[in-house]
Amino acid sequence: MRASSFLLLLSLSAAPLAAQDNSAFLKQQMPGLVDTYKDLHAHPELSHFEQRTSTLLAAELRKAGYTVTDHIGVYPDGTHAFGVVGILKNGTGPTLLIRADMDALPIIEQTGTTYASHVMTKTKSGLDTGVMHACGHDVHTTVLIGTARALAAAKSQWHGTLMLIGQPSEETIDGAKAMLADHLYERFGKPDMVIGLHDTNQHAAGTIGITAGPAMASSTSIDVTIRGIGGHGSSPEVGRDPIVLAAMYILQIQTIVSREEDPRDPSVVTVGDIHGGTKRNIIPDEVKLELTARAFSDKARQTILDGLRQMATGVATSAGLPPDKMPTVTVLEDESTPSLYNDPAMSARVKATLEKTLGPSNVFDDLRQMGSEDVGIFGLEGNKVPVVYFWLGAMYPNRFATAKAAGKELPGMHTNKFEPDPEPTLETGVRSLTAVAISLLQ
Ligand SMILES: [Zn+2]
Ligand SMILES: [Zn+2]
């Protein structure tokens, strides 16, 4: 308790000088960083394919004086990932991991900016689609480059080791796992703290939002196959129609959250994808459903999984299906991620530093989100390493104010019109991460 209060005092007293020195350096860096951002934005790469982005990041970190290793990460199928690690040692002190993610999304960009992406690709099922940085991971990668330079230039203001991470495949939530599976901590050392940020349409550029404690929900991917007995559409009495059973199941599982969960512990169950049948007059043999479940506690997550299994069996049993036609409920652990817990004591330190750096009126207390992130994986199971992940306001301030006055929201992440305001967003991101890193490495 005493040690952390002392550290907090030290960080508060050191912050104004640090911010002053570093902002001159940052002003000079900004034009180049905006160019880097626009280049990354125009050349987005999907999860598992971040070759160009990771090469660019690795080169920039090397130029900034870091010892860089790339191609870090191995996926469960044995393929290699494009993870990047940059290490900068600066005397004795704690190790701070700063994480940025690098991947983009299969979306056709509609922002109309001069640096918009025109990259096209095909989905798994062969449909044409665009590739777009619709989650702003290009902002995160650029902010990491700026922060790397600022901290290398400010070595007299901190002590310890920086471990900068360019993480692939956040959108498929298997990138952080892939890096740890490639013995990240055994090879480069285990960090004492983890920080990172994500841009948002919920705040204007120049401002930050932060949540202490549970910050983002866990995400669990589940495949359900409802089976039946197929036949002619005119003779339903001969078979057992899995489309009707799937419809009953989808309605019944709505009661898991509303009737079985503790209302004080929020959770979500969504069926996002349903496939069954080939023709209007054929009763198929099965219907496949793809679900996502969100929860904060392990108990709430388990209640969902138990409910999905029990109700699937219940629907099949009530239809009189034999044991070999029971439904299957499969949890895809590789496509699931735990909830994100922002260490409360470290969140308080980070918030105090952000208020000193940006002014108290530019730092907001945010509510927790049902969205998910795999950054918490760097904190290891049971939150062994404290993590703090905060929200970087990214919207053009005038557009944000106009929308807010009209009771509206600007297009958010994962939409084709998500458009960060480059310069103030990047500048605030670099100033924030740099000041927070300096205050944590005293
Ligand atoms: Zn995203
Ligand atoms: Zn994202």
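The values are calculated or read from the model by the stated rules, or taken from the named source; none is laboratory data. Keep in mind it's a predicted model, so treat the numbers as computed, not measured. Please note: Cβ atoms are built from the backbone with ideal geometry, for glycine as well, and neighbour counts cover all protein chains shown.
Taking the range 234-258, which residues are of a type outside the set (Val, Ile, Thr), in a loop (DSSP other than H, G, I, E, B) and more than 21 Å from Pro322 (Cα to Cα)?
Once the filter is applied, which keeps residues that are of a type outside the set (Val, Ile, Thr), in a loop (DSSP other than H, G, I, E, B) and more than 21 Å from Pro322 (Cα to Cα), the range 234-258 yields only Ser234.
All but one of (1) in contact with a helix residue (DSSP H, G or I) (Cβ under 7 Å, 6 or more places away or on another chain); (2) of a type outside the set (Lys, Arg); (3) under 17 Å from Thr211 (Cβ atoms) hold for Val331, so report the exception by its number.
Of everything listed in (1) in contact with a helix residue (DSSP H, G or I) (Cβ under 7 Å, 6 or more places away or on another chain); (2) of a type outside the set (Lys, Arg); (3) under 17 Å from Thr211 (Cβ atoms), Val331 misses just condition (3).
Inside the range 155-193, can you point out the residues that are more than 16 Å from ligand 1 (Cβ to nearest atom), surrounded by fewer than 21 Cβ atoms within 10 Å (Cβ to Cβ) and part of a loop (DSSP other than H, G, I, E, B)?
His159, Asp182, His183, Gly189, Lys190, Asp192
How many residues, within the range 379-415, are surrounded by fewer than 24 Cβ atoms within 10 Å (Cβ to Cβ), within 15 Å of ligand 2 (Cβ to nearest atom) and within 23 Å of Phe296 (Cβ to Cβ)?
Going through the range 379-415 one residue at a time, the tally reaches 4.
Which one is surrounded by the fewest Cβ atoms within 10 Å (Cβ to Cβ), of the residues in the range 359-378 that are within 23 Å of Glu427 (Cα to Cα) and of a type in the set (Val, Ile, Thr)?
Going through the qualifying residues, I end up with Val363.
If you scan the range 218-233, which residues turn out to be outside any strand (DSSP E or B) and touching an Asp or Glu at 6+ places or on another chain (Cβ under 7 Å)?
Gly228, Gly230
For the range 129-142, check the following and say yes or no: at least one residue is over 19 Å from Arg431 (Cα atoms), surrounded by fewer than 20 Cβ atoms within 10 Å (Cβ to Cβ) and assigned by TED's automatic domain parsing to the domain that holds Leu26.
Yes, the range 129-142 has at least one match.
With the requirement that a residue be acidic (Asp, Glu), surrounded by fewer than 17 Cβ atoms within 10 Å (Cβ to Cβ) and either touching a Gly at 6+ places or on another chain (Cβ under 6 Å) or in a loop (DSSP other than H, G, I, E, B) (or both), what does the range 259-284 give you?
Residues satisfying the conditions are Glu260, Asp262, Asp265.
Scan the range 406-417 and report the pairs whose first residue is within 17 Å of Ile107 (Cα to Cα) and whose second residue is polar (S, T, N, Q) and modelled with pLDDT of 95 or more, with Cβ atoms within less than 6 Å and a gap of 6+ or a chain change.
Filtered contacts from the range 406-417: Gly412/Asn201; Asn416/Gln110; Lys417/Gln110; Lys417/Thr111.
In the range 33-57, what residues are farther than 19 Å from Val84 by Cβ and free of Cβ contacts under 8 Å to residues at least 12 places away in the same chain?
Across the range 33-57, the qualifying residue is only Asp35.
Run Thr353 past the list (1) in the same structural domain as Ile173 (by TED's automatic domain parsing); (2) surrounded by fewer than 24 Cβ atoms within 10 Å (Cβ to Cβ) and report the number of the one that doesn't hold.
Status for Thr353: all satisfied but (2).
Quick one: which residue in Ala176, Ala181, Ala212 is among the aliphatic types (A, V, I, L, M), within 16 Å of ligand 2 (Cβ to nearest atom) and at pLDDT 95 or above?
Result of the check over Ala176, Ala181, Ala212: Ala176.
Can you find, within the range 310-335, the residue that is surrounded by the fewest Cβ atoms within 10 Å (Cβ to Cβ) among those that are without any contact (Cβ under 8 Å) to a residue 12 or more places away in the chain and outside any helix (DSSP H, G or I)?
Filtering first and then ranking leaves Pro322.
Tally the residues that are buried (at least 16 other Cβ atoms within 10 Å of the Cβ) and either among the basic types (Lys, Arg) or not in a strand (DSSP E or B) (or both), restricting the search to the range 57-75.
Summing the residues that are buried (at least 16 other Cβ atoms within 10 Å of the Cβ) and either among the basic types (Lys, Arg) or not in a strand (DSSP E or B) (or both) in the range 57-75 gives 7.
Going by the conditions given, is Gly393 at pLDDT 95 or above, assigned to a loop (DSSP other than H, G, I, E, B) and outside the structural domain of Arg294 (by TED's automatic domain parsing)? Give the steps one after another, and end with the answer.
On the way: at pLDDT 95 or above: yes; assigned to a loop (DSSP other than H, G, I, E, B): no; outside the structural domain of Arg294 (by TED's automatic domain parsing): yes.
In short, no.
Would it be correct to say that Ala19 is within 22 Å of Thr428 (Cα to Cα), surrounded by 15 or more Cβ atoms within 10 Å (Cβ to Cβ) and modelled with pLDDT under 95?
On the way: within 22 Å of Thr428 (Cα to Cα): yes; surrounded by 15 or more Cβ atoms within 10 Å (Cβ to Cβ): yes; modelled with pLDDT under 95: yes.
Here the answer is yes, as Ala19 does meet what is asked.
Restricting the search to the range 96-130, which residues are of a type in the set (Ser, Thr, Tyr) and assigned to a strand (DSSP E or B)?
Those that are of a type in the set (Ser, Thr, Tyr) and assigned to a strand (DSSP E or B): Thr121, Thr129.
Given the structure, is Ser54 surrounded by 14 or more Cβ atoms within 10 Å (Cβ to Cβ), in the same structural domain as Thr172 (by TED's automatic domain parsing), more than 16 Å from ligand 1 (Cβ to nearest atom) and not in a strand (DSSP E or B)?
Working: surrounded by 14 or more Cβ atoms within 10 Å (Cβ to Cβ): yes; in the same structural domain as Thr172 (by TED's automatic domain parsing): yes; more than 16 Å from ligand 1 (Cβ to nearest atom): yes; not in a strand (DSSP E or B): yes.
Spelling it out, Ser54 is indeed surrounded by 14 or more Cβ atoms within 10 Å (Cβ to Cβ), in the same structural domain as Thr172 (by TED's automatic domain parsing), more than 16 Å from ligand 1 (Cβ to nearest atom) and not in a strand (DSSP E or B).
Please determine, by comparing only the residues of the range 131-144 that are in a helix (DSSP H, G or I) and under 21 Å from Val119 (Cβ atoms), which one is nearest to ligand 2 (Cβ to nearest atom).
Going residue by residue through the range 131-144, those that are in a helix (DSSP H, G or I) are 137-144.
Cutting the leftovers down to under 21 Å from Val119 (Cβ atoms) gives us 137-142.
On the way: His137: 6, Asp138: 11, Val139: 10, His140: 8, Thr141: 11, Thr142: 14 Å.
Among those that are in a helix (DSSP H, G or I) and under 21 Å from Val119 (Cβ atoms), it is His137.
Of these, Gly78, Gly83, which one is farther than 24 Å from Val34 by Cβ, at pLDDT 95 or above, outside any loop (DSSP other than H, G, I, E, B) and more than 16 Å from ligand 1 (Cβ to nearest atom)?
Gly83
With more than 14 Å from ligand 1 (Cβ to nearest atom), touching a residue at least 40 places away in the same chain (Cβ under 8 Å), within 30 Å of Ala152 (Cα to Cα) and out of contact with any Leu (no Cβ under 8 Å at 6 or more places or on another chain) as the only criterion, which of Val388, Val430 stands out?
Answer to the selection: Val388.
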